[in-house]
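Trainee: The following block contains the structure, expressed as structure tokens.
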């Protein structure tokens, strides 16, 4: 029986960034002698239908997907298990039971989620509990290619995170802001700065019919509901958002595209990177609503890429764009990794750190809180006027970033050797 590595903390491939992380991680591990012949159990947060479809469509025969659980409904078996663990100090699997039988075969568990260890979506208590459960079964845990923190808004939790992170086998951060933050709170010994594994995703050409959509070097645009926070009167988590909450932001996006078409002679291709049953996370829902509201004449110059493309095909499409404006971090990683001049609409600290590491400046990242039509158009015009210089910079820089991504395999092997 082959040795196995456990992936946890990731979403489904409906999020193309989650798929890109897996593909890049497989590239790293299979090019590292210590892990060359391993197989992989991939735990994802998804409903049953999504999980089954993903397993059926999985193109890599070395990867087996299974479902992870988060919810602990009151008075459910998972809830009682959680209460017992908290009050009595027991270690009942409860919500972590899907991990149980897979842990017996695992040499390490990699936490793949890129921003699970932050306050972006609330206190990440579930991931700390999962790490502790896995470690209690004598399986090492490493956070893999992530952005972490900051937790300074919650000093007590920051202290808890310092203890927790220091006890993990490895903390692999994908950008310098996270590395600097961890150093500032005293977490250093097990930290390795690498780069996002998704930089190693290999693009794959889609059908000729889809290729035709980008034959004229369009401006690529990814818009996400996660950027809409500034445009809402109430603070909600993505899964709480309703279509009505997005109306103001949709109007902003329509105005942006209207003005961009008049300031340039380019066509525009809209690239959804996350599909979700929650409208607050669904790029496709947002961009379909935007297209419904643009004028008929403008629609002739705007194309929406269908949601059927996988991560590698989406990267191929993005790589054919003249320049790219992206909200989703992994849409911008696909763009940067393809050498395309990229403007990030940053809704979290990770975008700033990524841009600093790639461009040696944050000039190509607009915090979502600062978004206005005039600002966005001004940045787009600067992006176009600096296209050739940026392409030259990326041609030199991207190979270094890919090397940093690949270095994670050797670091992991060394850290695991210390555990023996």
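Trainee: Can you match percent of Cα pairs over 28 Å apart to one of these, (1) 60; (2) 48; (3) 65, based on a calculation from the structure here?
Mentor: Of the listed options (1) 60; (2) 48; (3) 65, (2) comes from this structure.
Trainee: For helix 349-359, what angle does its Cα long axis make with the longest principal axis of the chain, in degrees from 0 to 90 and rounded to 10?
Mentor: Here the helix axis deviates by roughly 70 degrees.
Trainee: Using alpha carbons only, how many degrees (0 to 90, rounded to 10) separate the axis of helix 283-293 from the longest principal axis of the chain?
Mentor: 20 degrees
Trainee: Once you order the gyration tensor axes a ≥ b ≥ c over the Cα atoms, which shape class does segment 236-382 get: rounded for a/c under 1.5, otherwise prolate or oblate by comparing a/b with b/c? Please report the intermediate quantities before stating the final value.
Mentor: On the way: a/c = 1.25, a/b = 1.14, b/c = 1.10.
Taking the square roots of the gyration eigenvalues as a ≥ b ≥ c, segment 236-382 is rounded.
Trainee: Among 30, 4, rank each residue by its count of other Cβ atoms within 10 Å, from fewest to most, as a rough exposure measure.
Mentor: On the way: 30 15, 4 18.
By the 10 Å Cβ count, ascending, the order reads 30, 4.
Trainee: Arranged by the count of other C-beta atoms within 10 angstrom, fewest first, what order do 237, 287 take? Numbers along the way, then the final one.
Mentor: Working: 237 12, 287 23.
Placing the least packed residue first, the sequence is 237, 287.
Trainee: OK, next. Mind giving me the nanometre distance, one decimal, between the label points for residue 153 and residue 414, set 7 Å out from Cα along Cα→Cβ?
Mentor: Here the answer is 3.5 nm between the modelled labels.
Trainee: Average projected area of the Cα convex hull of segment 313-420, in nm²? All intermediate terms of the calculation are to be shown ahead of the outcome.
Mentor: On the way: hull surface 32.2 nm².
Its Cα hull, projected and averaged over all orientations, spans 8.0 nm².
Trainee: How much length is gained on full extension from residue 135 to residue 60, taking 0.36 nm per residue of separation minus their Cα-Cα distance?
Mentor: Values: separation 75, 0.36 × 75 = 27.00 nm, distance 2.77 nm.
Full extension of this stretch gives 24.2 nm more.
Trainee: Which whole-number percent gives the relative contact order of the chain, counting Cα pairs below 8 Å spaced six or more residues apart?
Mentor: Details: 745 pairs, mean separation 69.7, N = 420.
Averaging sequence separation for qualifying contacts and normalising by length gives 17 percent for the chain.
Trainee: Normalised by the number of residues in segment 5-64, what is the relative contact order in percent for Cα pairs under 8 Å and 6+ residues apart? Working shown, then result.
Mentor: Details: 53 pairs, mean separation 26.5, N = 60.
After rounding, I find 44 percent.
Trainee: Ranking 286, 29 by Cβ neighbours within 10 Å, fewest first, what do you get?
Mentor: In increasing order of surrounding Cβ atoms, one gets 29, 286.
Trainee: Further, regarding this structure: For segment 200-273, rounded, prolate or oblate, judged on the Cα gyration tensor with a ≥ b ≥ c (square roots of eigenvalues), a/c < 1.5 rounded, else prolate if a/b > b/c?
Mentor: Values: a/c = 3.09, a/b = 1.56, b/c = 1.98.
Oblate, because a/c is 1.5 or more while a/b does not exceed b/c.
Trainee: Now for a separate question. Please build a GNM for the chain, connecting alpha carbons under 10 Å apart, and tell me which residue among 50, 342, 329 fluctuates the most.
Mentor: Largest GNM mean-square fluctuation: 50.
Trainee: Starting from the coordinates of the alpha-carbon atoms of segment 180-308, obtain the Kirkwood hydrodynamic radius over all distinct pairs and give the value in Å to one decimal. Each step should come with its number before you reach the end.
Mentor: On the way: mean 1/r = 0.0583 Å⁻¹.
Radius from the Kirkwood sum: 17.2 Å.
Values quoted throughout were computed directly from the atomic coordinates according to the rules given, and no laboratory measurement underlies them. What you are looking at is a predicted structure, and each value in this text was computed from that prediction instead of being measured. Methodologically, a virtual Cβ is constructed for each residue, glycine included, from the backbone with ideal geometry; neighbour enumeration extends over all protein chains shown.
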